[in-house]
Amino acid sequence: MIEYDLIMMSLVIFVPAAFGLLCLIFPAKFKEAVRWWALLGTAVTLCLSLCLLVEYYFLLDSRSDRGLRSLHHPKTLLDARADEALRRASMPAPEPRQAYDWVGTVPWIDRFDIQYCIGIDGISLPLIVLTSLVMFFAVIASWKIETNVRAYFFLLLTLQTGVLGTFFALDLFLLYVFYEVMLIPMYFLIGVWGGARRKYAAFKFVIYTLLGSVFLLVAIIGLYFTDVRDFVDKTAVDARAEERRKESPRLTQDEIREYHTFHIPTLQRAGQGAMLVLTGQQNRLTARDEPGEGKVPLLGRGVHIESARGRFQQAFFQPTYQYLFFVLLFVGFAVKVPVVPFHSWLPDAHVEAPTPVSMILAGILLKLGGYGLLRLAYPICPWAADQLSLVIAGLGAFGIVYGAFVALGQTDFKRLLAYSSISHMGYVILGLAAWGGGAKSQYWAWGMNGAMYQMVAHGITASAMFFVVGVLYDRSHTREIRQLGGVMTSMPLFAGLSAILFFASMGLPGLCGFVGELFVVLGSWNYHPGLSLAAIGATVVTAAYLLWTWQRVYLGVNHHGHYTEITAREAAVLLTFVVLSIALGVLPQTLLLSWMEPSVTGLVESLARLKPD
Amino acid sequence: MMAGGHIPVGTGRSHTPTGGAGYMVSWLLASPGRMYVVAMFLPLAAFALLLIAGGVRALCRPAREISATARFWYFLLGGHRPIRLGAFFATLAMGGSAVFAFIGLATYLHDSEHRSPLEVEQRWAERTTWASVGERLPDTDKPAAVIELGYRIDHLSAILFAMVTFVGTCIFVFSLGYMSDEREIEHEDHTAHVTRPGRFGRFFLFLSLFCFSMLNLLIADNLFQIFVSWELVGVCSFFLIGFYFERKSASTAANKAFLMNRVGDAGFLIGLALAWVYFGTFNVQDIARDIANGQNPMPAYLFTVMGLGIFLGCVGKSAQFPLHTWLPDAMEGPTPVSALIHAATMVAAGVYLVGRAYPLFTAEVRLVIAYTGAITLFLGATIALVQTDIKRVLAYSTVSQLGYMMLALGVGGWVAGLLHLLTHAFFKALLFLGSGSVIYGCHHEQDMMKMGGLRRKMPITAYTMLIGVLAIVGTPFFSGWYSKDMILSNAMGFALAEPNHIALFVLPLFTAGLTAFYMFRLWFLTFAGTPRDHHVAEHAHESPFLMTVPLMLLAACSVGIAWGWPAWEPHASYLGHLLEQSQPGMAHGLAKKDHLAGWLALGVAILGVTVAVLMYVTQAINPANVKAKMAGVHQFLMRKWGFDELYHALFVLPVMGLGFVAARFDKKTLPGEQAHAVDKSINLTSLDGVMSAIGQGTILFGRRVRRRQTGQIRQYVTAVMLAAVVLLGVLSVLWM
């Protein structure tokens, strides 16, 4: 018997890859058919992910208190749902699995306790929907690709499976596999269909990303070697001990009971436990079925703190290793965000990649970095994250300012957008690094939500802006800003739509870019006014480079030949992005915040309680 | 947006054919403040309609040859012709908004007299959630939990709302005439030397969006919403300044305006962040209440910083020193835009915000406000003395008058400053529209030196403008006299109480004379005497009815808007009394109720007029001689005190330079084919180069090692030892 939620989520992950594989069996000359097939594949995925959204909303709504019009409930948090699923599975007589809890597990490699464990919450779901959406439009934008169409769409759709899988995965190993799956198609997409320096750019992209994933891999292996039996229900440990006793009777009683896992929620709890241990708050630890005043229920059911103390001597609970794990995870994902100074691959990759791939790079792949920090680095190593928060927030603020200034000095439109991405992703880092415990956690929650909102907003504006450059490039065959001009005269509709996107990117109120930036600024001021000031100051530079570009590209008199107005296909892409930019800017609560925020705030609260000011 | 959450509009069943309308009326009467919400959304509806119509038409344009549907829609929406019907619709929407505003004003005034304050508060204010974070438990007032949108009507916003919609309607009507050449399919832009389709519809599109944002700014009850509309009016101003975007000067001026405003907005944002962190709300009323109750959780210095931050936003928007340089350049936009946005409404928003957020300003901040105003009013007036472009004179005069308002607010004359905002809006809109009429009549000639003697060709324009000039100069019984008198008596009161700050009275007094001089100079040069350029004079003509009616309406307001009884008593102004009702408790002016300041100012002004008459009418003093004698001063003023050059050298160039340096530091790039060369070489002068060099070094090292593989065992051992040492070193550092 397989659960409904597991099927739905797996469909979202694997439908693109299935469509991609089927692309290959088309005869080579049916280019148009392949395109439509790929579009169908992404359309199906988009519909399915929207279904997930509806289902997730129902899940929140079913628990919510209607009088308060709030979708908060402790039982709908991912951690609680995953824990419940684990509890049911580990009962001596397993209870039926829940079909609507939106976490699902299938054993995969039993020897290492690797599971196909997936789930959604308000942190992953916005990015999943964003991925499906951007991919759908990237396929529309790929209509102009003429060489090796089948291979192109196969790679594109495989890439989508990799990205979606990473967002769904609740098992570190699974996450790593998907993360790597995504890398190879990207290499070929840039290296084969890219511009003049495509080989160099693709190589650089792979080297940087591989370096990041090596860090990630080391961290994952290190985490696996930690014995986390105290953070797992006693019944689960018993059950596994029983199995192991049968397999290898020579092990000692203690060795049998060792519990290693890749399960992300469990590791998060262990990491939070480590923070309590390291800050001398061991006594606040308690079992999940014995909550108490001022206690933090992290330990597994049936586990007592006294029996667990001995195992807090493990490496994982030492400051050095907390730092080590955090730095490994942080660098692994920082390359992807990218955080200055690990950003050098981005301008090259963006500039050389074909338009749709640039859209995907900026719109989706960068979000993997932010997601990884939010989902892994911070919850698994909160102590080190707290210790290093000033450094990280500083890197974020520096990235905002640095990216903006470098963008100001660019002459290549696409490279300018690449640096503007670096600048905008800095807000994500700043927002999530703005630690605050106790009463200040409310402000951190704004920062964290701002970071998430910024990721979604940037996903929309950045992919739209890269599409804008693509449209211009198709007509003028140049990306040099100096060689463009007067576009508004010949392409008024295009100019009107791009104007809204420019201002959305600039963070004009009423458009999506503003919401995230505002939340981050409001949240981070409480953490460190200086960093917030830097972010505020950068808004002026951001306006400067965007407006200057606007003036040089769109205004003035066109001396470079007549460009034809955008086609219906291009208009459809741009119009959707524009409508989304406006809608997300005007109605943040209704459209996104209401169902995203409970999970994000839940994460903040679970971390903030570890540091009561 | 405002009330949608609470009021189920759609569920109101209509049993009778008029049920829908009846429901609408009862919906409005339940909370009459909603009238203002409706009035605010009317221009937005016009904007949306124009936007969608334009978008659909542009979308259908390429397909009109092949698809019948596309052709149908294309020609239904005007075909090749610029949208015209939409412009009339926008004007109608604006007019409707004005009707609502006046009904609202009357209702509010009635309410405020006949109902208890609590009831008024309930009927004229509503809030709704825009974004919230964290669980909202019942009966807890958790700070920083929710960002709200809302409206709150008081005397100040009701009166300003009426003013904006009235002036707005006048200007919309005027624009129907003034922009009529934009209705041509092929419009010739003589400045940029291009022929292009007219942009009649686009003009009204931006104008409507502007009005929506401006009205939203006025009725907002919280700083966040003010900030949102603050930026929105800024962006409309950006598009309208750059309306003739083929002209480099126009697009540059637009960028300058937007960026200088962004600098101010950054300050505003700092203020917002501070308010959020310490008060946990943006609601002005709530913050003011906390402060009044002595529950100010903020350290005093931060409170000052917050005030300065918010004021910096006002400095940007109201073109105060040192961010004043964008406003004169903004005259690149069409003249109705200058009248509406850059004279009557948007630039006054800064003054409005100072008035609105008055309780958030400490005494130090108020002093800064006063000095900023004093410096600005003097600065603007001196530059206006030498300008020859009719619109630039008015632009500098606007800068100067806004300075008067800021000064008044700074010295505690809350009513005086805001009353001047109102009277100025009417006479400055009148003056700008008059200048628009002149420019229209002279076929886009703006240089006053080529005019002269136009009063015979365009009498209505000339004499309505004369009324405007008399009002701005402060002629008794004209509206400007009431407000200026109040400002000066407040300044004098302040200076008498604190003699250190005597400059705050001397500067505005002296500037009253300058104002009189440059305004009469403008009128004389344009309308009096004989024509100096016969080509201009021959073709000059009075503007059509559509343009002169707004002039006459505004002229009537410029005379009588501030009247009260007794009319010779400035402090008896009825409008002033109304404004006084929403004066914050802590604003206590030190105004002397005698007429000394007023008489002094009048004397100085008469002196200014006399000099103007001597120079430009009787020619007793030859302006050329004066110019020659004071060449240095003249040059200094012509160069606008050198601010543009200074900022260019101080900010623009360094920032741009920093951009290019940063770009070079980040990555070495070469254009075209040479780019490959950079990729292959090792380059340690950029961040990217260094990062790449590490990789390249590894590869090179790999090659070297491969060669060594056949080498001696000793080297292997050394390598292994070295590696072990490094590893141990790393580990020991980690364990420490």
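The values are calculated or read from the model by the stated rules, or taken from the named source; none is laboratory data. Owing to the predicted nature of the structure, the values given are computational and were not obtained by experimental measurement. Note: ideal-geometry Cβ built from the backbone for every residue, glycine included; neighbour counts use all protein chains shown. These area figures cover heavy atoms from the full protein model, side chains too; ligands, DNA and RNA do not enter into them. Shrake-Rupley method; radii C 1.70, N 1.55, O 1.52, S 1.80 Å.
Quick notes
- Kirkwood hydrodynamic radius over Cα pairs of the range B:134-249, then Stokes diffusion coefficient at 4 °C and 1.567 mPa s, in µm²/s: 76 µm²/s
- In Å, descending, principal axis extents of the Cα set of the range A:1-169: 57, 46, 22
- Here is the size of the range A:472-581 from its Cα atoms: Rg then Dmax, 16.7, 52 Å.
- Globularity ratio of the range A:233-287, using Cα Rg and 2.2 N^0.38 Å: 1.38
- Measuring between their Cα centroids, the range B:174-229 and the range A:193-232 lie 52 Å from each other.
- Interface burial for B against A (accessible surface, 1.4 Å probe, total of both chains, Å², rounded to 100): 6200 Å²
- Taking the convex hull of the alpha carbon positions in the range B:455-564 and averaging its projected area over all directions gives 8.4 nm².
- Heavy-atom accessible area ranking, 1.4 Å probe, most first, across B:112, A:524: B:112, A:524
- Legend: mean number of C-beta atoms from other chains within 10 angstrom of residue C-beta atoms, peptide B:393-405, equals 0.
- If you wrap the Cα atoms of the protein assembly as shown in a convex hull and average its projected area over all directions, you get 58.3 nm².
- Take every DSSP beta bridge whose two residues both sit in the protein assembly as shown; close to 90 percent of them are antiparallel.
- Listed peptides A:196-208, B:534-546 appear in the order A:196-208, B:534-546 once ranked by packing, highest mean of other Cβ atoms within 10 Å at the front.
- Percent carbon-and-sulfur accessible area, the range B:233-352, ignoring ligands, DNA and RNA, probe 1.4 Å: 61 percent
- Hits among lysines - C-alpha to C-alpha of residue A:204 under 27 Å, sequence gap 8 or more where chains match: A:144, A:336, A:367, A:414, B:667, B:668, B:680
- Distant alpha-carbon pairs in chain A (separation over 30 angstrom), percent: 51 percent
- Accessible surface of the range A:1-169, 1.4 Å probe: 68 percent of it comes from carbon and sulfur atoms.
- The alpha-carbon of residue A:440 sits under 18 angstrom from the alpha-carbons of these aspartates and glutamates, leaving out residues fewer than 8 places away in its chain: A:386, A:597, A:605, A:613, B:135, B:141.
- Percent accessible area from carbon and sulfur atoms, the range B:402-462, protein chains only, probe 1.4 Å: 52 percent
- Per residue accessible area in Å² of the range A:1-169, where ligands, DNA and RNA are left out and the probe is 1.4 Å: 42 Å²
- Highest-first arrangement of A:543-551, B:153-161, where packing means the average Cβ count within 10 Å: B:153-161, A:543-551
- Folded to 0 to 90 degrees: helix A:492-506 orientation relative to chain A principal axis, Cα: 40 degrees
- Interface residues, the range A:341-377 - accessible area loss of 20 Å² or more versus chain alone, probe 1.4 Å: A:341, A:344
- In chain B, the DSSP-assigned H stretches of four residues or longer account for a calculated mean residue ellipticity at 222 nm of -22000 deg cm²/dmol, using -39500 (n - 2.57) per stretch and the full residue count as denominator.
- For chain B, the convex hull spanned by the alpha carbon atoms encloses 274 Å³ per residue.
- Partner lysines for residue A:234 [C-alpha distance under 22 Å; skip if fewer than 8 residues away on the same chain]: A:75, A:246, A:295
- For the range A:388-613, the solvent-accessible area with a 1.4 angstrom probe is 23 square angstrom per residue.
- Area projected by the alpha carbon convex hull of the range A:166-296, averaged over all directions, nm²: 11.8 nm²
- Whole-percent pair-distance distribution, where bins are 10 Å wide, for the alpha carbons of the range A:388-613: 9, 33, 31, 17, 8, 2, 0
- Peptide A:491-498 has a mean shielding of 4, counted as Cβ atoms of other protein chains within 10 Å of each residue's Cβ.
- Helix B:687-708 vs. chain B, principal-axis angle (Cα, 0 to 90°, nearest 10): 10 degrees
- Calculated SAXS-style log₁₀ I(q)/I(0) at q = 0.10, 0.17, 0.21, 0.23 Å⁻¹ - the range B:405-529, Debye, Cα scatterers: -0.37, -0.84, -1.08, -1.22
- Inter-chain shielding of A:514-521 (mean C-beta neighbours from other protein chains, 10 Å cut-off): 3
- Note on the range A:1-51: semi-axes of the ellipsoid equivalent to its C-alpha gyration tensor, largest first and rounded to whole Å, are 26, 12, 5.
- Note that chain B presents 41 Å² accessible area per residue, ligands and nucleic acids not counted, probe 1.4 Å.
- Using the average count of surrounding beta-carbon atoms within 10 Å as a protection proxy, the listed peptides B:550-563, B:462-475 rank, highest first, as B:462-475, B:550-563.
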